[in-house]
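Read through the structure below, which is laid out as structure tokens, and then see the notes.
The values are calculated or read from the model by the stated rules, or taken from the named source; none is laboratory data. All values derive from a computational prediction rather than experimental measurement. All Cβ positions, even for glycine, are placed from backbone atoms using ideal geometry, and neighbour counts span all protein chains on display. Accessible surface areas use protein heavy atoms only, side chains included; no ligands, DNA or RNA. Shrake-Rupley method; radii C 1.70, N 1.55, O 1.52, S 1.80 Å.
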Amino acid sequence: MIKVAIIGTGAISSAHIEGYLQLQDRCKIVALCDLYPEKAEAKREQYGLDAVIVKDYKELLDQEIDLVSVCMPPFVHARVTIDFLNAGSHVLVEKPMASSLQECDAMIEAAEKSGKVLSVVAQNRFRNPIMKLKHVVDSGLAGRILHAQVDSFWWRGHCYYDLWWRGTWEKEGGGPTLNHAVHHIDALLWMLGRPSQVQAFMSNVAHDNAEVEDLSVAMLRYPDGALGQITSSVVHHGEEQQFIFQGEHARISAPWRVAASVSLPNGFPKRDQQLEEKIAQYYNELPDLPYEGHTAQIDNVLTAIETGAPVLVDGASGRSTLELIMSIYKSASTGENVQLPLPQDDSFYTQEGVKRNVPHFYKKSGSVDNFTDVKITTGSHYSEMNGQSSGEK
């Protein structure tokens, strides 16, 4: 039985707790930690857990904890993760992996030295439409991908940034590019690989109580000449989220849709119904995942611990995602056409370098210790537009 500790019992912890409870024949939650113990107590009562409660995670470092879920604000991810890895625990850390590439490298090094599993939450990969889209891309049925469109559209009210750790470059590390689009950026890299160039813009158009951006648009160039675009936002009503890939032969997307064209003698398009049916059949015959979302990723991590198999989302994956995000921030801050990969001597490699070079749009003007733990959104299930699920830090 794998003994689990939840470090941080904010809103996103519910997704972790519920995931572990679905797999309780293989694991047991034995500890909850939060700076505000009453929040941990509320979670313990809500889910009927037989777990100890501590205020300081360091109280658990010498305990028999096999796996920890780190559900704390981004600015402490690295420190907490490294401490638990060094103590001999496996770690599943929430997105974003860390506040800087320097911290990512330290986390990866700690995992390698300890021999323990390090996985970064990217639950979008564990959605049926995303997993199936990945298989269709890899199948080559749509041909080489020529253009990628990623819409990470969210909406958050002005008071969202009043929470004490949100809205600052130091503690939250960024706006929606880092904290919301991170899942979409992870999935894009997983499907298409790393672009070679990034050109981006960002702004704060609706949240004058935050230093960070609330809207960014990035343009990507891939080594083979393909182009892409990513919009990261917390100002889009409706929160539609989608991936659209235009291939040589067909358009494929999540939410799922396929369209294919062939050329008429004058160059205008004619629908290629035969290819559409072939791709649709391939997609429909792909098996569904036994679990989705956080539960599916937890299952993947437990399997890695039990069998030694690799996790689907490891530290290197989390680092690659942060590297692209930092490239977007660098381009949007400096106006540069940023080349990837970012070297270690780049000003956007460290958190201090990022804070020195990004714009501070507004001064953070509000600070509350906690919000009531109410239903929140973590994104589309991609079965249809506007499909949303609950859970976020």
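Overview of values
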read-out	value
Selected residue (criterion: farthest from the chain's Cα centre (by Cα)) from residues of the range 294-319 that are among the small types (Gly, Ala, Ser) and surrounded by fewer than 22 Cβ atoms within 10 Å (Cβ to Cβ)	Gly308
Single residue of the range 340-391 satisfying the filter (open to solvent by less than 50 Å² (accessible area, probe 1.4 Å), assigned to a loop (DSSP other than H, G, I, E, B) and on the phi > 0 side of the Ramachandran plot) that is modelled with the lowest pLDDT	Gly391
Ile12, sole failed condition from (1) open to solvent by less than 10 Å² (accessible area, probe 1.4 Å); (2) within 18 Å of the chain's Cα centre (by Cα); (3) within 15 Å of Val91 (Cβ to Cβ)	(3)
Options Asp56, Asp66, Asp50, Asp62: the member that is within 26 Å of Gln123 (Cα to Cα) and at pLDDT 95 or above	Asp66
Among (1) touching a Leu at 6+ places or on another chain (Cβ under 9 Å); (2) part of a strand (DSSP E or B) - the single one Arg251 does not satisfy	(1)
Selection status of Trp164, modelled with pLDDT of 95 or more, within 30 Å of Asp369 (Cα to Cα) and surrounded by fewer than 21 Cβ atoms within 10 Å (Cβ to Cβ)	no
Selection within the range 75-99 - surrounded by fewer than 24 Cβ atoms within 10 Å (Cβ to Cβ) and out of contact with any strand residue (DSSP E or B) (no Cβ under 6 Å at 6 or more places or on another chain)	Phe75, Val76, Ala78, Arg79, Ile82, Asp83, Asn86, Ala87, Gly88
Enumeration of residues in the range 303-339 that are part of a loop (DSSP other than H, G, I, E, B) and either within 20 Å of Ser89 (Cα to Cα) or of a type in the set (S, T, N, Q) (or both)	Gly308, Ala309, Pro310, Val311, Leu312, Val313, Asn337
Of all residues in the range 226-275 being touching a residue at least 40 places away in the same chain (Cβ under 8 Å) and among the charged types (D, E, K, R), the one that is most open to solvent (accessible area, probe 1.4 Å)	Glu248
Residues of the range 21-54 satisfying the condition of being touching a helix residue (DSSP H, G or I) at 6+ places or on another chain (Cβ under 6 Å) and open to solvent by 60 Å² or more (accessible area, probe 1.4 Å)	Gln22
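Matching residues to (1) over 20 Å from the mean Cα position of the chain (by Cα); (2) aromatic (Phe, Trp, Tyr):
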{"residue": "Val117", "(1), (2)": "no, no"}
{"residue": "Gly140", "(1), (2)": "yes, no"}
{"residue": "Val150", "(1), (2)": "no, no"}
{"residue": "Trp154", "(1), (2)": "no, yes"}
{"residue": "Asp162", "(1), (2)": "yes, no"}
{"residue": "Trp169", "(1), (2)": "no, yes"}
{"residue": "Thr177", "(1), (2)": "no, no"}
{"residue": "Ala181", "(1), (2)": "no, no"}
{"residue": "His184", "(1), (2)": "no, no"}
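Table: residues versus (1) closer than 27 Å to Arg251 by Cβ; (2) assigned to a loop (DSSP other than H, G, I, E, B); (3) acidic (Asp, Glu).
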site: Pro129; (1), (2), (3): yes, no, no
site: Val136; (1), (2), (3): yes, no, no
site: Ala142; (1), (2), (3): yes, yes, no
site: Ala148; (1), (2), (3): yes, no, no
site: Tyr160; (1), (2), (3): no, no, no
site: Gly167; (1), (2), (3): no, yes, no
site: Ala187; (1), (2), (3): yes, no, no
site: Asp208; (1), (2), (3): no, yes, yes
site: Ala218; (1), (2), (3): yes, no, no
